[in-house]
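The values are calculated or read from the model by the stated rules, or taken from the named source; none is laboratory data. Predicted, not measured: the structure shown is a model, and the values here were computed from it. Neighbour counts are summed over all protein chains in view; Cβ atoms, including those assigned to glycine, are modelled from backbone coordinates with ideal geometry. Each accessible area value is taken on the protein alone, full model and side chains, heavy atoms only, with ligands, DNA and RNA left out. Shrake-Rupley method; radii C 1.70, N 1.55, O 1.52, S 1.80 Å.
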Amino acid sequence: MTTQRPALVGHAQESIARGSKSFRTASRLFDRETRERAWLLYGWCRACDDIADGQDHGGTMQATGDPMARLADLRARTERALAGDAGLDDPAFAGGALVAAECAIPRRYMDDLIEGFALDAQGWRPQSEDDLLRYCYHVAGAVGCMMAIVMGVAPDDEATLDRACDLGLAFQLANISRDVAEDAAGGRCYLPQQWLAQAGIDPDNPMATEHRPALAAITGRVRPWRRVMRTAPGAGRPPCLSARPGPCWRRRASMAALRAMSRPIRKPRWSTACSPARRKSSAG
């Protein structure tokens with residue numbers, strides 16, 4: 001595979017250029033070797049995501065006829081690549097195997113990401129905050145761990161990988177808050193069902209006009225989590241907020257963050273300003 005490395009890197013570079021301008025720009029901060037490895041990791045993650053969601057380098061999710069078949073496909077192609085049997089015939093997966101070998105990325109992180117796609121394929125929805133964090137670990141925390149290793153963190157440096165995992169969780173929580181409408185259009189909802197039930201929101205139609213004020217409050221409930229997870233050690237951050245499997249999962253969140261989430265959320269001012277009664281009054 002060494003002789004194929006330039007071609008695999010070139011394919012990964014093209015993939016990140018098409019799929020994420022922000023990631024491509026950020027990768028320029030790395031030295032050449034790290035930058036190329038980041039591209040290879042991105043290329044594999046992007047390909048898995050596209051297969052699972054019927055996309056082409058992101059964009060709008062498409063209805064997929066057989067999500068379980070798609071899941072089986074990306075699993076088989078990952079397995080084939082890790083066994084050394086993929087090359088330029090399947091460059092995204094061969095590139096993923098290449099970076100995994102070069103950086104000694106533990107296999108479990110790649111498997112954990114695929115398990116996130118499995119949850120989506122099964123039509124799974126989180127019932128509780130714990131479920132939400134588990135999902136965020138699979139689709140983002142595991143990627144944070146792999147990216148940290150690509151950047152030079154030792155695979156057994158648990159403390160640093162915990163931080164990388166937390167940052168991945170924070171990014172995913174932000175995405176979930178931002179993409180409620182897009183996810184709903186694709187038949188998905190990642191807000192905990194318990195939250196929706198408490199607010200009287202139909203989980204199959206969370207974007208209904210009558211639900212908007214309550215939905216705004218619910219999406220605001222992830223902010224304390226996101227903020228605390230992105231706080232650097234030494235700045236009042238709890239020792240560990242990791243959702244990675246094993247002992248760290250049981251230390252996944254601080255009581256302070258959970259207490260903040262359980263407090264009543266005040267409606268944002270814009271929700272009142274945009275209410276039908278307020279608009280009618282203003283028009284008069």
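Here is how the numbers come out for the structure above:
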| item | result |
| --- | --- |
| Boolean, residue 25 is among the polar types (S, T, N, Q), open to solvent by 90 Å² or more (accessible area, probe 1.4 Å) and either closer than 22 Å to residue 139 by Cα or without any contact (Cβ under 8 Å) to a residue 24 or more places away in the chain (or both) | no |
| Meets criteria (open to solvent by 10 Å² or more (accessible area, probe 1.4 Å), in contact (Cβ under 8 Å) with a residue 60 or more places away in the chain, closer than 24 Å to residue 43 by Cβ and part of a helix (DSSP H, G or I)) for residue 167 | yes |
| Segment 88-128, residues that are over 17 Å from the mean Cα position of the chain (by Cα) and either at positive phi or of a type in the set (A, V, I, L, M) (or both) | 88, 92, 94, 97, 98, 99, 100, 101, 104, 105 |
| Test: residue in segment 206-223 that is at pLDDT 90 or above and touching a Phe, Trp or Tyr at 6+ places or on another chain (Cβ under 9 Å) | no |
| Residue satisfying all of: in segment 184-198; closer than 23 Å to residue 169 by Cβ and of a type in the set (Gly, Ala, Ser); surrounded by the most Cβ atoms within 10 Å (Cβ to Cβ) among these | 184 |
| Test: residue in segment 41-59 that is over 24 Å from residue 21 (Cα atoms), over 15 Å from the mean Cα position of the chain (by Cα) and either among the acidic types (Asp, Glu) or in a helix (DSSP H, G or I) (or both) | no |
| Top-ranked residue in segment 1-53 [being over 27 Å from residue 75 (Cβ atoms) and either among the basic types (Lys, Arg) or in contact with a strand residue (DSSP E or B) (Cβ under 6 Å, 6 or more places away or on another chain) (or both); ranked as modelled with the lowest pLDDT] | 21 |
| Residues that are open to solvent by less than 20 Å² (accessible area, probe 1.4 Å) and in a loop (DSSP other than H, G, I, E, B), drawn from segment 101-137 | 105, 126 |
